[in-house]
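Enquirer: Take this structure first; my questions come after.
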Amino acid sequence: MMKYWKMAVALGCAALGAVQGAAAQEALKLKVASFVPETHHVAMQGTTYWMDQVRETLGDAVEFEYYPAQQAGKAAQLLELLKAGALDVVEVGIGYHTDKLPLMGVLEMPGLVRNACEGAYALRSMSDPGGLIQTNDLAPLGVRPLSYLVFPPYSAITRVPVRSLDDFDGLKLRTAGGAMELEVSTLGGVPVKMSSPDIYQSLSRGTLDGVMFTYLSTDQYDLNDVANYGVTGYGFASTAVLLLMTEQRLQSLPEDVRAAFLEAGVATDDNYCSFVDENEAATRDELVANGFEVHEFSEEEVARLDEMLTVVSEDWTSTLDRRGKPGSEALETFRGKLTEARGE
């Protein structure tokens, strides 16, 4: 009898030790990198919001080391740092990686996206597992978006007045790359590719005449200090910042952690797009109230823009189709998903 009692005590002590050991385990630590300042809406309503949602679900089981404002690397470097294992979660602007994420460029087609939330719905539908973009772009890279931070349609923000389409002639306009470069060229401008944090200095020095940007970002980067003109009434393009992990790193996480990351990602989509959709027009109006001049395109100008910029989507689809990428299928699918989002 004493033998069995000793065995029971030993087992009990072992079980207690295991519980205490589990409780004492260090939290799972992940390095998260952003290329925008902490006060930018991508950070506050996107990346930081995602981390907060994860903490609400998992508590102290996960800790994040957060590196905002390109502290861990330049915007165009973060994807490679992620794949190298130096970082766990990164923001990736799709315009910086059109060579690696070509089908994501469908978001940049002019005149398609009316608001951020419908763009986010369409992009996630095509990019989650089994989707056309996931199969062709993301899976070969070994990455998985946790959240899709889709921007409102872009406007043109300039140092000089743009009061007609002819005023675009010769303007050096910043783009994030991709299809927007052809768009600017078609308008008669000169596309200049650079990351967002470098825009202010270039505008102040006069090496840039303007930028294809949202009004929200114009305000966040204080561009209205150096550029006081804009346009409205036509969505030149949209773009997105992806919150990315490698598929390998995501699958290495405990199941409950992985589920929390993915669920937080969906919630972040909704939070971010709702915020930017609600605040884009309000920010534009506030800028106007403080002396900013905005030209609203007439119906005739919108029709002319549609006609002029048809070449952008035609060039984009044909170029990808020739490369063996399903560009035409992606554009058709994207249009269908936008229609679904609108309930049409």
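The values are calculated or read from the model by the stated rules, or taken from the named source; none is laboratory data. Keep in mind that what you see is a predicted model, and the values were worked out from it rather than measured. FYI the Cβ positions are ideal-geometry reconstructions off the backbone, even for glycines, and counts take in every protein chain you see.
Enquirer: Kindly indicate which of G170, G178, G206 is crowded, with 24+ Cβ neighbours inside 10 Å and not charged (D, E, K, R).
Expert: After applying the criteria, what remains is G178.
Enquirer: So which of T268, T317, T310, T283 is of a type in the set (S, T, Y) and assigned by TED's automatic domain parsing to the domain that holds G119?
Expert: Only one candidate passes the filter, namely T268.
Enquirer: What's the number of the only condition in (1) of a type in the set (S, T, Y); (2) in the same structural domain as L182 (by TED's automatic domain parsing); (3) assigned to a helix (DSSP H, G or I); (4) modelled with pLDDT of 95 or more that Y234 fails to meet?
Expert: Single failed check for Y234: (3).
Enquirer: How many of the residues making up the stretch 119-145 are over 14 Å from L101 (Cα atoms) and crowded, with 22+ Cβ neighbours inside 10 Å?
Expert: 3
Let's see how each residue does on (1) in the same structural domain as A330 (by TED's automatic domain parsing); (2) part of a helix (DSSP H, G or I); (3) among the charged types (D, E, K, R); (4) farther than 17 Å from L244 by Cβ:
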residue	(1), (2), (3), (4)
L58	no, yes, no, yes
Q70	no, no, no, no
Q77	no, yes, no, no
G85	no, no, no, no
E91	no, no, yes, no
L107	no, yes, no, no
G119	no, yes, no, yes
T135	no, yes, no, no
L146	no, no, no, no
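Matching residues to (1) in contact with a helix residue (DSSP H, G or I) (Cβ under 9 Å, 6 or more places away or on another chain); (2) farther than 30 Å from G210 by Cβ:
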site	(1), (2)
Q248	no, yes
E255	no, yes
G265	yes, yes
F275	yes, no
A303	no, no
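Enquirer: Please go through the stretch 299-317 and give me each residue that is in contact with a Phe, Trp or Tyr (Cβ under 6 Å, 6 or more places away or on another chain) and of a type outside the set (V, I, T), ordered by number.
Expert: L305, the sole residue that qualifies.
Enquirer: Moving on. With the structure loaded, tell me whether D321 is within 30 Å of K83 (Cβ to Cβ) and among the acidic types (D, E) or whether it fails that test.
Expert: Spelling it out, D321 is indeed within 30 Å of K83 (Cβ to Cβ) and among the acidic types (D, E).
Enquirer: Right, something else. What pairs come up if the first residue lies in the stretch 162-185 and is in a helix (DSSP H, G or I), the second is buried (at least 19 other Cβ atoms within 10 Å of the Cβ) and among the β-branched types (V, I, T), and their beta carbons are under 6 Å apart, counting only those six or more places apart or on different chains?
Expert: From residues that are in a helix (DSSP H, G or I), the pairs are A179/V312; E181/T175; L182/V312; E183/V312; V184/T175.
Enquirer: Which condition breaks for S202 when tested against (1) outside any strand (DSSP E or B); (2) closer than 26 Å to N271 by Cβ?
Expert: S202 satisfies all of (1) outside any strand (DSSP E or B); (2) closer than 26 Å to N271 by Cβ except (2).
Enquirer: Here's a follow-up. With the condition kept exactly as written, say whether any residue in the stretch 296-306 is of a type outside the set (D, E), within 24 Å of L187 (Cβ to Cβ) and buried (at least 16 other Cβ atoms within 10 Å of the Cβ).
Expert: Checking the stretch 296-306: at least one residue is of a type outside the set (D, E), within 24 Å of L187 (Cβ to Cβ) and buried (at least 16 other Cβ atoms within 10 Å of the Cβ).
Enquirer: Can you tell me which residue within the stretch 83-142, out of those that are of a type in the set (D, E, K, R) and free of Cβ contacts under 8 Å to residues at least 24 places away in the same chain, is farthest from F64 (Cα to Cα)?
Expert: Per the criteria, the residue is D99.
Enquirer: Next question, about the same structure. Looking at (1) without any contact (Cβ under 8 Å) to a residue 24 or more places away in the chain; (2) over 30 Å from T317 (Cβ atoms); (3) over 16 Å from the mean Cα position of the chain (by Cα), which one does T48 not meet, given that it meets all the others?
Expert: (3)
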